[in-house]
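Colleague: Structure below; questions to follow.
The values are calculated or read from the model by the stated rules, or taken from the named source; none is laboratory data. It should be emphasised that the depicted structure is a prediction, and the values quoted were computed from it without experimental measurement. Glycine also receives a Cβ, built like all others from the backbone with ideal geometry; neighbour counts cover every protein chain displayed. Side chains included, ligands, DNA and RNA excluded: accessible areas come from the protein's heavy atoms. Shrake-Rupley method; radii C 1.70, N 1.55, O 1.52, S 1.80 Å.
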Amino acid sequence: MALVTTRDMFKKAYDGGYAIGAFNINNMEIIQAVTEAAADLKSPLILQVSAGARKYAKHAYLMALAQAAIEDTGIDFALHLDHGEDFEICKSCIDGGFTSVMIDGSKHSFEDNIALTKKVVEYAHAHGVTVEGELGKLAGIEDDVNVSAEDACYTDPSQVEEFVEKTGVDSLAIAIGTSHGAYKFKGEARLRFDILEEVGRRLPGFPIVLHGASSVIPELVDEINACGGNMPGAKGVPEDMLRKAASMAVCKINIDSDLRLGMTAAIRRVMKNSPEVFDPRGYLSVARAEVNKVVRHKIVNVLGSDNKA
């Protein structure tokens, strides 16, 4: 068992009409919850690390925890950098043992995005690492990603062929109406499946990625608010829309906010109902179990990746 790239798992996902969950990790409990759920359900898996998580947990600790998860669960998974903003952080993760990186050049011009992405691809491929690029801008706030609604824009399908050909990327994140964070929509979510369909037509067999795809599970938001939280208006992407995307060209769906909500709801529940608890193991074990529950739900009901490993 080992860390693997996304190349083979994406091909299987595309052919099989399902998607693979890229779950953002920040600490030991989340890594345990995610990998144990994937192992039990025999699901392919991507552990995803944002720049903020890497600063918080530190690279060496994350690598040691990933290796421990492999030894403990006996499964393979990819270790992926989420939203790398420049060549330097991508290079650092590649040199440090990551098997996949994302270079997010979406804030640059189309030409500069191509140049930056190509530079990362050349270095990554020379080291056996796969690369995800991005076209279009998702609105929302999550860690170091902060894009206003005014600056967000859908992916232009007419650009995808040139971008993939000139950069050599292994997968492509597109903007079709999802949004980072837990506060996604004022009204009902409207994903542009017409854009996804056109991208799939122009890039047959090529793996597409959805960011900002947490559904912001209403029951968890309600529990957080009932336990003293303040999250009015938190709303995510309906899971039936995500399942539809997974049946099309989407091979990777990023999930972060729902894991945070699960952990926070569980900790708030313990603190409200058992205020005498002061041992971190007392509330973190409950939080770990809640995150595991969320991951299981996503694998079976959204991604359709169970029994696909």
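Colleague: Full extension from ASN301 to GLU162: what is 0.36 nm times the residue separation minus their Cα-Cα distance, to one decimal in nm? The partial results should precede the final answer.
Modeller: Numbers: separation 139, 0.36 × 139 = 50.04 nm, distance 3.45 nm.
Taking ASN301 through GLU162 to full extension adds about 46.6 nm, to one decimal.
Colleague: Calculate for the chain the 222 nm mean residue ellipticity that helices alone would give, adding -39,500 (n - 2.57) per DSSP H run of length 4 or more and normalising by residue count, nearest 500 deg cm²/dmol. Each step should come with its number before you reach the end.
Modeller: On the way: 12 runs with 142 residues, N = 309.
The per-residue figure over the chain is -14000 deg cm²/dmol.
Colleague: Turning to a different aspect of this structure: Choose one of MET28, LEU62, ALA13: the residue whose Cα lies farthest towards the positive end of the charge dipole of the stretch 1-68 (beta-carbon charges +1 Lys, Arg; -1 Asp, Glu; about the Cα centre).
Modeller: Value: LEU62.
Colleague: State, to one decimal in nm, how far the label point of LYS42 lies from the label point of ALA289, with both points 7 Å from Cα in the Cβ direction.
Modeller: Output for this residue pair reads 2.7 nm.
Colleague: Amide H neighbours of ASN26 under 5 Å, counting only residues 5+ apart in sequence or on other chains, H built in-plane at 1.01 Å?
Modeller: ILE31
Colleague: Note the listed values [x] 6, 23, 25, 19, 13, 10, 5, 0; [y] 6, 26, 35, 24, 9, 1, 0; [z] 6, 29, 38, 22, 5, 1, then indicate which one is P(r) over Cα pairs in 10 Å bins from 0, in percent calculated from this particular structure.
Modeller: [z]
Colleague: At a 1.4 Å probe radius, carbon and sulfur cover how many percent of the accessible area of the stretch 196-260? Walk me through the intermediate numbers first.
Modeller: Numbers: 1260 of 2400 Å².
Summing carbon and sulfur atoms, their accessible area is 53 percent of the total for the stretch 196-260.
Colleague: Related question: Taking 0.36 nm per intervening residue step and subtracting the Cα-Cα distance, what contour gain separates ARG281 from GLN67 on full extension?
Modeller: Numbers: separation 214, 0.36 × 214 = 77.04 nm, distance 2.21 nm.
Result for the pair: 74.8 nm of gain on full extension.
Colleague: Still on this structure, please answer the following. Measure off 7 Å from each Cα along the Cα-to-Cβ vector at MET231 and HIS59, then give the distance between these two points in nanometres to one decimal.
Modeller: Inter-label distance under the simple model: 3.2 nm.
Colleague: Taking every DSSP beta bridge that has both residues in the chain, what percent is antiparallel when rounded to the nearest 5? Could you put the intermediate results ahead of the total?
Modeller: Values: 4 of 34 bridges.
Given both bridge residues lie in the chain, the antiparallel proportion sits at roughly 10 percent.
Colleague: With θ taken as phi - 60° and the coefficients 6.51, -1.76 and 1.60, list the Karplus ³J(HN,Hα) couplings across the stretch 73-83 in order, rounded to whole Hz; mark glycine and proline as x.
Modeller: 9, x, 10, 8, 7, 8, 10, 10, 7, 9, 6
Colleague: With every protein chain left in place and a probe of 1.4 Å, what is the accessible surface of ASP72, to the nearest 10 Å²?
Modeller: Solvent-accessible area, nearest 10 Å²: 110 Å².
Colleague: With the crude spin-label approximation of a point 7 Å out along Cα→Cβ, what separation in nm comes out for LYS272 versus GLU111?
Modeller: Here the answer is 5.6 nm between the modelled labels.
Colleague: Let me check against my output: what whole-number percent is the relative contact order of the chain, with C-alpha pairs under 8 Å and at least 6 apart? Don't jump to the answer; show the numbers that get you there.
Modeller: On the way: 629 pairs, mean separation 69.8, N = 309.
Result for the chain is 23 percent.
Colleague: I'd like to compare 215-225, 280-290: which one has the highest average count of other Cβ atoms within 10 Å, and what's the full order after that? Mind dumping the intermediate values first?
Modeller: Numbers: 215-225: 18.6, 280-290: 16.9.
Packing proxy ranking, top to bottom: 215-225, 280-290.
Colleague: I've got another one for you. Roll a 1.4 Å probe over the protein chains and send me the accessible area per residue for the stretch 1-133 in Å².
Modeller: Numbers: 5270 Å² over 133 residues.
Result: 40 Å² of accessible area for each residue.
Colleague: Ok, one more. Can you work out the Karplus-derived ³J(HN,Hα) for every residue in the stretch 108-114? Use 6.51 cos²θ - 1.76 cosθ + 1.60 with θ = phi - 60°, whole Hz, and x for glycine or proline.
Modeller: Working through the residues one at a time gives 8, 5, 4, 5, 6, 4, 4 Hz.
Colleague: Can you compute the FRET efficiency between ARG202 and ASP240 using 1/(1 + (r/R0)^6), with r the Cβ-Cβ distance and R0 = 25 Å? Round to the nearest 0.05.
Modeller: On the way: r = 25 Å, r/R0 = 1.01.
That pair, ARG202 with ASP240, gives E of 0.50.
Colleague: In the structure shown, do any of LYS137/LYS235; LYS11/LYS244; LYS244/LYS308; LYS55/LYS91; LYS55/LYS107; LYS118/LYS298 have a Cα-Cα gap over 27 Å, and if so which? Don't skip to the answer; put the middle values down first.
Modeller: Details: LYS137/LYS235 19 Å; LYS11/LYS244 18 Å; LYS244/LYS308 18 Å; LYS55/LYS91 16 Å; LYS55/LYS107 22 Å; LYS118/LYS298 33 Å.
Over 27 Å Cα-Cα: LYS118/LYS298.
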